[in-house]
1. Of the numbered conditions (1) of a type in the set (Lys, Arg); (2) more than 18 Å from the chain's Cα centre (by Cα); (3) modelled with pLDDT of 80 or more, Arg84 satisfies every one except a single condition; which is it?
2. Just need a number here: residues in region 15-24 that are within 16 Å of Thr44 (Cα to Cα) and exposed (fewer than 10 other Cβ atoms within 10 Å of the Cβ).
3. Residues in region 1-40 that are among the polar types (S, T, N, Q) and either in contact (Cβ under 8 Å) with a residue 60 or more places away in the chain or part of a strand (DSSP E or B) (or both): how many?
Amino acid sequence: MWLLKAAIFFTLFAFALNNQQTVAVHFFFGTLWQAPLVLVVLVTFACGLSLGVLVMMPRWWKKRKAALPHPTSDVSPEGAGNNRVTLHNGI
């Protein structure tokens, strides 16, 4: 496992070393940002990851809420205390 992690690290390290050229990113209204290419790629990846997580949050909350066990109240008319709670396996 450590060999795989080391290979990934050295691959990304080599990518960073090979992409140190300064690039200019032009935004709206004449705004300009100059940074190394590897930093621009990293920031773009982080922004895309954050946006993806934010878009998926409502769906995750909905699925988590649906997966939570709901207590049932099966009480006999005599009130004998036959309460049963159904347990669900899941997240």
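The values are calculated or read from the model by the stated rules, or taken from the named source; none is laboratory data. These figures come from a predicted structure and were not determined experimentally. Backbone-built Cβ (ideal geometry, glycine too); neighbour counts: all protein chains shown.
1. In the conditions (1) of a type in the set (Lys, Arg); (2) more than 18 Å from the chain's Cα centre (by Cα); (3) modelled with pLDDT of 80 or more, Arg84 misses (3) alone.
2. Selection size over region 15-24: 1.
3. Qualifying residue count for the region: 2.
Per-residue answers, yes or no, for (1) loosely packed, with under 10 Cβ neighbours inside 10 Å; (2) more than 18 Å from the chain's Cα centre (by Cα):
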residue	(1), (2)
Ala6	no, yes
Phe13	no, yes
His26	yes, yes
Trp33	no, yes
Val38	no, yes
Leu42	no, no
Leu51	no, no
Val55	yes, no
Trp61	no, no
